[in-house]
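The values are calculated or read from the model by the stated rules, or taken from the named source; none is laboratory data. Quantities reported herein were computed from a predicted structural model and do not represent experimental measurements. Using ideal geometry, Cβ is built from the backbone for each residue, glycine included, and neighbour counts are taken over all protein chains shown. Ligands, DNA and RNA are stripped out before the accessible areas are found, and what is left, the full protein with its side chains, is counted by its heavy atoms. Shrake-Rupley method; radii C 1.70, N 1.55, O 1.52, S 1.80 Å.
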Amino acid sequence: MIGERYVNGAVLIGLIALPLWALSADEVFTITLTTRAAILALAAVGLNIALGIGGMVSFGHAVFFGLGGYAMGILAFHAQTFSPLDFGLFALPGTKSMPVIWLVATVVSAFAAWIIGLLSLRTAGVYFIMITLAFGQMFFYFAISWGAYGGEDGLSIYVRNSFVGLDTLMPIQFFGLCFALLCLALLLQWRLRRSPFGLALNAARQSTERVQSVGLNPRQLKLLAFVISGAITGVAGALFADLNRFVSPTMFSWQLSGELIILTIIGGVGRLMGPVIGAAIFITLEHWLGGLTDFWHVWLGTILLAIVLFWRGGVIGLLTGKEGPHV
């Protein structure tokens, strides 16, 4: 079997090599596909912190993805229309600066994760799943009725937002930004898992009673992990909206939450590179099989079924011979 570190290194090298090859071959669409995979992987890394380390099966992570997307869309919309955001007592200008947008997306998503986590973590198991799903549907229908920002039709942004020193309209440069943020999130997950907090969170996932017996609060540990998870997913949502220059209520849909869970399971729950491998497989199936048949999800479901029944560690577990954590 292959060591997990070698698998992780090969995945990162492959993720860099593919768009570089596409650049030399003038395959711009391949760069865009790789960028989409990197963004979905970033969102799944956020979910993996809650699911893989904390054992929280969230079916509402699209809330944070959508909030990040709408944070980008609203700020960019007001910047391109030269109209301020009116909060009644004060007004703020829009912006096309990516770092500012990422900061807003992080804060808004983290705050939403804190509120949702406070309520959802009063339950466990299927009840936790259903409450997170309910929050996702609430935000979805709110976005549909939000006529000021497109409602059901969504909101278009004319020009991609800016980053100092880069031309973000160049696909390879925008990919570089997304890849850098993905690497930062992976580093954060790696450090988090090995920190005292990560060890306590992992213990809370396995046995809340034992964690309580040593004076720790499992709910607070999980809430902090949920907030970190939501913040990372929110940044991914902002990047996804920037990639498409469009934001719509579908970013809040339960289908997207399900896709993020599927990505994580296929790659390997709790594995560092699990979300990256899962996103790569998902995008590959969507692109190649989607061009052949409208029923490509059947093959995705077959892969998911095989992993759940036979390869509990996902693709990484299959390659390394090690099972992942039991959620």
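Take the conditions (1) under 14 Å from the mean Cα position of the chain (by Cα); (2) within 17 Å of His61 (Cβ to Cβ); (3) of a type outside the set (Lys, Arg); Leu184 misses just one of them, which is (2). Screening the stretch 1-30 for residues that are over 16 Å from Gly267 (Cβ atoms) and in a loop (DSSP other than H, G, I, E, B) and picking the one that is most open to solvent (accessible area, probe 1.4 Å) gives Met1. Screening Val276, Val308, Val269, Val298 for residues that are more than 26 Å from Glu152 (Cα to Cα) and assigned to a loop (DSSP other than H, G, I, E, B) leaves exactly one candidate, Val269.
Scan the stretch 47-86 for residues that are surrounded by fewer than 24 Cβ atoms within 10 Å (Cβ to Cβ) and either among the polar types (S, T, N, Q) or within 12 Å of the chain's Cα centre (by Cα) (or both) and the total you get is 3.
Using the structure shown, decide if Ala44 is assigned to a helix (DSSP H, G or I) and buried (at least 22 other Cβ atoms within 10 Å of the Cβ). Yes; evaluated as a whole, the condition is true for this residue.
When the residues of the stretch 113-128 are filtered to those that are open to solvent by 50 Å² or more (accessible area, probe 1.4 Å) and part of a helix (DSSP H, G or I), the one that is nearest to Val227 (Cα to Cα) is Trp114. Taking every residue in the stretch 281-302 that is under 12 Å from Ile266 (Cβ atoms) and pairing it with any residue that is of a type in the set (A, V, I, L, M, F, W, C) and open to solvent by 60 Å² or more (accessible area, probe 1.4 Å), at least 6 positions away or on another chain, the pairs with Cβ-Cβ distances below 7 Å are Leu285/Trp299. The lone criterion from (1) at pLDDT 95 or above; (2) among the small types (Gly, Ala, Ser); (3) surrounded by 24 or more Cβ atoms within 10 Å (Cβ to Cβ) left unmet by Gly267 is number (1). If you take the residues of the stretch 211-263 that are crowded, with 20+ Cβ neighbours inside 10 Å and polar (S, T, N, Q), which of them is farthest from the chain's Cα centre (by Cα)? The residue in question is Ser248.
In the condition set (1) farther than 28 Å from Ala134 by Cα; (2) at pLDDT below 90; (3) open to solvent by 20 Å² or more (accessible area, probe 1.4 Å), Gly313 is compliant with all but (3). Scanning the stretch 156-173 for residues that are of a type in the set (S, T, N, Q) and open to solvent by 30 Å² or more (accessible area, probe 1.4 Å) returns Ser156, Ser162, Gln173. The residue that is farthest from Gly54 (Cα to Cα), counting only those in the stretch 174-205 that are open to solvent by 60 Å² or more (accessible area, probe 1.4 Å) and free of Cβ contacts under 8 Å to residues at least 12 places away in the same chain, is Leu184.
Looking across the stretch 135-155, just one residue is open to solvent by 50 Å² or more (accessible area, probe 1.4 Å), closer than 24 Å to Gly230 by Cα and small (Gly, Ala, Ser), and that is Ser145.
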